[in-house]
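Notes to accompany the following structure.
The values are calculated or read from the model by the stated rules, or taken from the named source; none is laboratory data. Since the structure is predicted, the reported quantities are computational estimates derived from the model, not experimental observations. With ideal geometry, Cβ positions are generated from the backbone for all residues, glycine too; neighbour counts draw on all protein chains shown.
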Amino acid sequence: MPKINVMGYEINYEVCGKKDGEPLLFLNGIMMSTLSWAPFKEAFEDYQAIFIDFFDQGASTKETKPYTQELHVEVLKELIDKLNLGKVHLFGISFGGEVAMQFALKYQDRVQTLLLANTVSETNALMQDLEEAWDYAASTNNGLVFFNATMPFIYSSKFYRENSEWLKGRAELFNQTLTPEWYEGFRRAIRSAHSLNITNEIHKIEVPTLIMGGDLDILTPLENQVAIHERIKNSKMVIMKDAGHSSMYEKPIEFASILVGFLKTYKKSIVIK
């Protein structure tokens, strides 16, 4: 995968689909990387799909000092410019959705559509307490401790019951592959969202917007998605039944269908006679 220097960071990215397709940029959740999107590439083959790792993620540069999500916004702006993408369809899930909304507020003229899944417009008291718990778990550099502290909030209880053996394998994978460097990057990233609060600003977003939420999401409850939907004028909202915070993995077909369906129809006028 290629890398591009943006504001002194080596940003890892991957481009799939049509070279001349409309650019569709994917912003990761906090524990994700470009590799997380491998199962979905074919679903977005009609677009120029661009998957990126934020710094402190995947194969991109690791930071060494504290920062806020505003820095991701500026890096993203320069990356879009350097890749000559023009206006983009901007998708963000969870952490990536937070960055996407902030980008849309500051650089709305560069956004064709805004696509959000399982995200929030502010870090409330519950999430700040979870931040402390997850930060401590990451400080142990123990994959099993970290897995047990985080994953029950990522997947729905239904998914947990039905996929317990697979999850055990994932826990062991965490223990074998996550490095001290990865944990330090995670800790910086999670702190970067500590003071997020754009709830009273997002009404300024006027681009076509899709909001996707899972009805079993514990980490960013459905009410958070509803709050965003109510504030962004003419936004569309879809609720995925029996899906937790990791809706893209729990309901992959529904997830891809909703996203592609919106992109194919948001400019259409469908008249029922």
Residue count for region 166-198, restricted to those that are surrounded by fewer than 16 Cβ atoms within 10 Å (Cβ to Cβ) and touching a strand residue (DSSP E or B) at 6+ places or on another chain (Cβ under 6 Å): 1
Pairs needed: first member in region 251-273, free of Cβ contacts under 8 Å to residues at least 60 places away in the same chain and under 14 Å from THR209 (Cα atoms); second member anywhere, assigned to a helix (DSSP H, G or I) and polar (S, T, N, Q); C-beta distance under 8 Å; at least 6 residues apart or different chains. none
Go through region 4-38 residue by residue and tally those that are of a type in the set (A, V, I, L, M), under 15 Å from ILE80 (Cα atoms) and surrounded by fewer than 20 Cβ atoms within 10 Å (Cβ to Cβ). 3
Against the definition (more than 19 Å from TRP37 (Cβ to Cβ), modelled with pLDDT of 95 or more and out of contact with any Lys or Arg (no Cβ under 6 Å at 6 or more places or on another chain)), how does ASN84 come out, yes or no? yes
Can you find a residue in region 226-239 that is surrounded by 21 or more Cβ atoms within 10 Å (Cβ to Cβ), touching a helix residue (DSSP H, G or I) at 6+ places or on another chain (Cβ under 8 Å) and either within 25 Å of SER157 (Cα to Cα) or polar (S, T, N, Q) (or both)? yes
Set ILE239, ILE211, ILE253, ILE258: member being in a helix (DSSP H, G or I), at pLDDT 95 or above and touching a strand residue (DSSP E or B) at 6+ places or on another chain (Cβ under 8 Å): ILE258
The number of residues in region 1-33 that are small (Gly, Ala, Ser) and in a strand (DSSP E or B) is 1
Hits in region 115-154 (condition: buried (at least 21 other Cβ atoms within 10 Å of the Cβ), within 18 Å of MET240 (Cβ to Cβ) and of a type outside the set (S, T, N, Q)): LEU115, LEU116, ALA117, VAL120, ILE154
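Identify, please: which residue in region 58-69 is touching a helix residue (DSSP H, G or I) at 6+ places or on another chain (Cβ under 7 Å) and not small (Gly, Ala, Ser) and is, among those, surrounded by the fewest Cβ atoms within 10 Å (Cβ to Cβ)?
So the residue we want is PRO66.
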Please specify each residue of region 72-110 satisfying the condition of being in contact with a strand residue (DSSP E or B) (Cβ under 9 Å, 6 or more places away or on another chain), aliphatic (A, V, I, L, M) and surrounded by fewer than 24 Cβ atoms within 10 Å (Cβ to Cβ). VAL75, LEU79, ILE80, LEU83, LEU85, VAL88
Tell me, please, whether a residue that is assigned to a helix (DSSP H, G or I) and at pLDDT 95 or above can be found in region 114-127. no
Among ASN141, ASN148, the single one that is without any contact (Cβ under 8 Å) to a residue 60 or more places away in the chain, in a helix (DSSP H, G or I), farther than 30 Å from ILE258 by Cα and polar (S, T, N, Q) is ASN148
Going by the conditions given, is LEU105 over 25 Å from PHE186 (Cβ atoms), touching a residue at least 12 places away in the same chain (Cβ under 8 Å), of a type in the set (A, V, I, L, M) and not in a loop (DSSP other than H, G, I, E, B)? yes
